[in-house]
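The values are calculated or read from the model by the stated rules, or taken from the named source; none is laboratory data. Since we're looking at a predicted model, the values are computed, not measured. Note: ideal-geometry Cβ built from the backbone for every residue, glycine included; neighbour counts use all protein chains shown. Protein only, heavy atoms only, side chains kept; ligands, DNA and RNA dropped before computing areas. Shrake-Rupley method; radii C 1.70, N 1.55, O 1.52, S 1.80 Å.
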Amino acid sequence: MADRTTGNYVGRSMKRVEDPRLIKGIGTYTDDLRLPGLLHAAILRSPHAHARIVHIDTKAARALAGVVAVLTGADVNEQCGAVPCAAAIPDLKAPRHTVLAGDRVYFVGHAVAVVVATDPYVARDAVDVIDVDYDPLPVVVNPEDAMKAGTPLTHPDLGTNIAYTTTMAGGDIDDAFRRADRVIKQRLIHQRLTPMPIEPRAVVASHHAGEGTLTIWTSTQVPHLLRTLLPGMIAIAENKLRIVAPEVGGGFGAKLNVYAEEALCGHLAMRLGAPVKWVESRRENAASTIHGRDQIGDYEVAVKNDGTILGLKARTIADLGAYNQLLTPAIPTLTGLVLTGCYRIPAIKMDIVGVYTNKMATDAYRGAGRPEATYLIERLMDIVARELGIDRIELRMKHFPAPTEFPFATASGLSYDSGNYQGALAKARQLANWDALMVDRAAARKAGRLFGVGVSTYVEICALGPSKAMPAGGWEWGCVRIEISGKVTAITGATPHGQGQETSFAQIVGDRLGVSFDDIVVLHGDTNVAHYGRDTYGSRATVLGGTALVMCIDKIVAKAKTLAAHLLEAPVDRIEFANGRFSAKGKERQLGWGELAGEAYIAKNLPAGFEPGLEASSFFEPQNFTFPFGTHIAAVEVDRDTGQVSIKKYVAVDDCGPQINPLLVEGQVQGGIAHSIGQALFEQTVYDENGQLLTGEFMDYAIPRAVDIPEYILGSTVTPSPSNPLGIKGVGEAGTIGATPAIANAVIDALEPLGVRHLDMPLTPERVWRAIQGRA
Amino acid sequence: MTIPVRLTINGSPREQTIEPRMLLVHFLRDACGLTGTHVGCETGICGACTVLVDGKAVKSCTMFAVQADGASVKTIEGLATDGRLHAVQQGFWECHGLQCGYCTPGMIMAAVQLLSANANPSRGQIADGLRGNLCRCTGYSHIIDAVQHAATHGAADRR
């Protein structure tokens, strides 16, 4: 399928068609919607991590002028089904996840009651005067304690805090450890993180009683998954439910979910006979929108003295929080899938324990499982190299498969599609001027300065994914229509939320059809327009959505050829299509899309059996994931007196296959690296010993600012994927996957002269300073 | 209780009776229908709600509308003139200075003030000038490019 198009548009850094409306402030996000008679919902949330609800008094709230309804779990939980979890984990013990709390609250931020009022200020006033009598219960905060016998239970009715245990294994792990000269052990912790899109969640629901239809506008990555899953929660049929994701102000996985509030607003709109809006506050976003990561892992690496890695054993404890959201228990299994990174490691075994605690659910945060795996294997490579006295680059190179060995089978059962890990590493070293960095480091150390260089070579899984490997359908859908005017409408089910597919898909379609970029409109995000789709997550949209459009175009071109043959009076196999023109050898006349579309729709001169119209839709079912890869290199200096880390140089070489729009690729990589800088150096979601959330605002949860960002030096290599006709691989999470270990490795490298072997993230000034004090 | 407020928004006078507790951002969005100014945190940290009040960048989620009585307010909707983008808007477009676009109006307004105080800022000065505005998508590098682009190409456009 190596039929990659380069043309007028693909491969060019084109400005985005999305931008004019956004830079003028006239884009429409969910909170910007204004409907006649719109009511406003506000939610009362638990201040306790675990408590019994003794009594709720809503009288004062109901008495406020402008309050339309005040409802508690007793009023809605019978009518609304449970919040769904789509993860296919055998023997998962799961609590019923009602839309509002029943007789207990299980985490700070747990929704207890909802107020609906004519004005948003009044709705908040009413929330403030709802009186709840709580009886606090013992709290489970630490997932390791949660596993011990006799500890309090998050959900007493489950009889245990352990949601599931599972083992992922491949190769002969016992043999690997038997043959090992040494076993190197390390505990590595992935702190809990909060995704923090700048737009909090927001929902507007409107019921059309006459038609019996319900429209829900919601700030989501997954309108199609919602259309599939919400009918299981509220009394509406799938084909009477329309979900619209308007402009979505960032997702990062936080909006890859089905949330109680989405069902609740739909229910309220039907129940009250008026449209209802709910807009999340930042505090609610921090407490009640999914968190990410939060894995504790104990690792053992079986090695030979020459550095050969024979096997990798892991025992991972995943803190799930109090409930399963859409994919909560599945995230650690993604970690297991890519645990071996881009290395030939013949045997692995990963035991995963998922544990309930009195916290918000963890789920897919940018990278979802792969940043965890990459950080683990990349930290371990450095630790092994150091213990064995082997150069860390040499150790990595020693375990890279050769470019000719692809498809490369991993111990975890994956088949890496294509790769040239050596090429990306060489390019990154060259861009970073590695040898000079080593000289700088030596000079700095001699002068007593803490200067370190970190490297990470990564591979990730993208284009999620083949349906057989997904909970429910991993395909993607598209539709292309040549309008009667010759303009082109492309519709995608891969709902973007800032990635720019209105632009990059128009580039693909423009080249393939030979039409002007300006004549193409890309539609998405409204299930009444984009009928089917599996939406955007797991760096899937361009690979799968783009390929679905290519399939549509192939069908349309084939159909148009039969029409052109008829009109040109030539056999169809003599029809040539190039640059948007259909011609036949020996015929002077050529036909463009405008002429063909006119004939196709006016339909007075069609060949026998030709269906009118020029439109095609397609489902693309991938046969494999794609496996982008790259090398990131960071150089940092640590202030000996304050523990402050400053990034002196940052180089990223990413290979996502051919780039549709290099400017957008660059944007994805830079944004991803910023998330990594956050995780490596600043960010951590903190609950205290009572389960109180201490990082409930941007004041306490430090996402990077402009001043925290180095100047990025970016490069790329191009290794096409054989799995799709565009050869592309996906890039939405690469930065976040590759960068975290590069930065962490650099900081540990800087501290090496002090004998520091490992520090867990975030590498805040305090943590680094303490490490320096402890060893200086 | 309601009280009157008179102000100029994007050059047009506006007079309305409002609750004294109404935040300027809600006045702009809900009373004036100018939804380009966004709410990201309600604590004055993220800067998505940044507007210019008498030429100064202000976080409109931490100012009551009545505090802007008598002031001239400029929002993102009032930045382009005669259908021509402001140099900062153009810079954001040229340099891919936005992805989801939610922080963008506030970021642009903050950059407008930054350039009015320093016509040729260094990258470090731009980063410092935007430290009150958070972006979770771009990693800031393209935003800094965008402001530099505006400084280089749009001197005549700056107001």
**OP:** Sorted from largest down, give the three principal axis spans of the alpha carbons of the range A:330-477, whole angstrom values.
**Re:** 57, 46, 32
Original post:
So what are the radius of gyration and Dmax for the Cα set of the range B:1-111, in Å?
Top reply: 13.8, 47
**OP:** Normalise the Cα radius of gyration of the range B:1-57 by 2.2 N^0.38 Å (N = residues in it) and let me know the number.
**Re:** 1.14
**OP:** Would you mind giving the three semi-axes, in whole Å and largest first, of the ellipsoid equivalent to the range A:203-265 according to its Cα gyration tensor?
**Re:** 20, 12, 9
Original post:
A:Asp639 label point, 7 Å along Cα→Cβ, cut-off 15 Å on backbone N: hits in the range A:692-715?
Top reply: A:707-709
**OP:** Just check the range A:1-126 against the gyration tensor rule for me: Cα atoms, a ≥ b ≥ c as the square roots of the eigenvalues, rounded for a/c under 1.5, and otherwise prolate or oblate depending on whether a/b exceeds b/c.
**Re:** oblate
**OP:** Show the residues, 5+ positions off or on another chain, whose built amide H is closer than 5 Å to the amide H of A:Arg45.
**Re:** A:Val112
Original post:
Binning every alpha carbon pair distance of the range A:410-456 at 5 Å from zero, what are the percents per bin?
Top reply: 5, 17, 18, 16, 13, 10, 8, 7, 5, 1
Original post:
What is the range A:293-391 by shape, rounded, prolate or oblate, if you read a ≥ b ≥ c off the alpha carbon gyration tensor as root eigenvalues and call it rounded for a/c under 1.5, prolate for a/b larger than b/c, and oblate otherwise?
Top reply: prolate
Subject >> Hydrodynamic radius by Kirkwood, which averages 1/r over all alpha carbon pairs of the range A:251-304, in angstrom >> reply: 14.6 Å
Original post:
Taking Rh as the Kirkwood radius, which is the inverse of the mean 1/r over Cα pairs, what is the Rg/Rh value for the range B:101-159?
Top reply: 0.92
Original post:
Kirkwood-based Rg over Rh for the range B:48-90 (C-alpha set), two decimals?
Top reply: 1.02
Original post:
Give me the Kirkwood hydrodynamic radius of chain A in Å, from all C-alpha pairs, to one decimal place?
Top reply: 27.7 Å
Original post:
Given N residues in the range A:601-690, what is Rg(Cα) / (2.2 N^0.38 Å)?
Top reply: 2.08
Subject >> Shielding score for B:123-132, defined as the mean number of other chain Cβ atoms within 10 Å >> reply: 3
**OP:** In Å³ and rounded to a whole number, note down the convex hull volume per residue for the Cα atoms of the range A:456-556.
**Re:** 122 Å³
Original post:
Mind checking which aspartates and glutamates have their C-alpha under 16 Å from A:Lys93, skipping anything on the same chain fewer than 8 residues away?
Top reply: A:Asp157, A:Asp319
Subject >> Charge sum, other residues only, whose C-beta stays under 12 Å from B:Gln16's C-beta, Lys/Arg counted +1 and Asp/Glu -1 >> reply: -2
**OP:** Determine, for each peptide in A:127-133, A:22-28, B:28-34, A:249-255, the mean count of other beta carbons within 10 angstrom over its residues, then list the peptides with the highest first.
**Re:** A:249-255, A:22-28, B:28-34, A:127-133
Original post:
When the Cα centres of the range A:511-535 and the range A:173-232 are compared, how far apart do they sit, in Å?
Top reply: 25 Å
**OP:** Could you name the lysines whose alpha carbon sits less than 17 Å from that of A:Lys15, not counting residues in the same chain fewer than 8 places away?
**Re:** A:Lys24
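What do you get for Rg/Rh of the range A:190-344 when both radii come from the Cα atoms and Rh is the Kirkwood radius?
That ratio equals 1.14.
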Original post:
Counting every Cα pair in the range A:68-193, what percent are over 20 Å apart?
Top reply: 66 percent
**OP:** Over 25 Å between C-alpha atoms is what I'm after, so list which of A:Lys59/B:Lys59; A:Lys468/A:Lys729; A:Lys148/A:Lys349; A:Lys185/A:Lys468; A:Lys240/A:Lys559; A:Lys148/A:Lys359 land there.
**Re:** A:Lys59/B:Lys59; A:Lys185/A:Lys468; A:Lys240/A:Lys559
Original post:
Counting alpha carbon pairs within less than 8 Å and at least 6 residues apart, what relative contact order, in whole percent, applies to the range A:450-491?
Top reply: 20 percent
**OP:** Run through the DSSP bridge list for chain A and note the antiparallel percent, rounded to the nearest 5.
**Re:** 80 percent
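Where does the range A:684-776 land on the Kirkwood hydrodynamic radius, alpha-carbon pairs, in angstrom?
It is 17.0 Å.
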Subject >> Of all DSSP beta bridges in the range A:182-261, antiparallel share, percent nearest 5 >> reply: 60 percent
**OP:** Round to the nearest 10 and report in Å² the accessible area of B:Cys100, as given by a 1.4 Å probe over the protein chains' heavy atoms.
**Re:** 10 Å²
Subject >> Shape call, the range A:606-751: gyration tensor on alpha carbons, a/c limit 1.5 >> reply: prolate
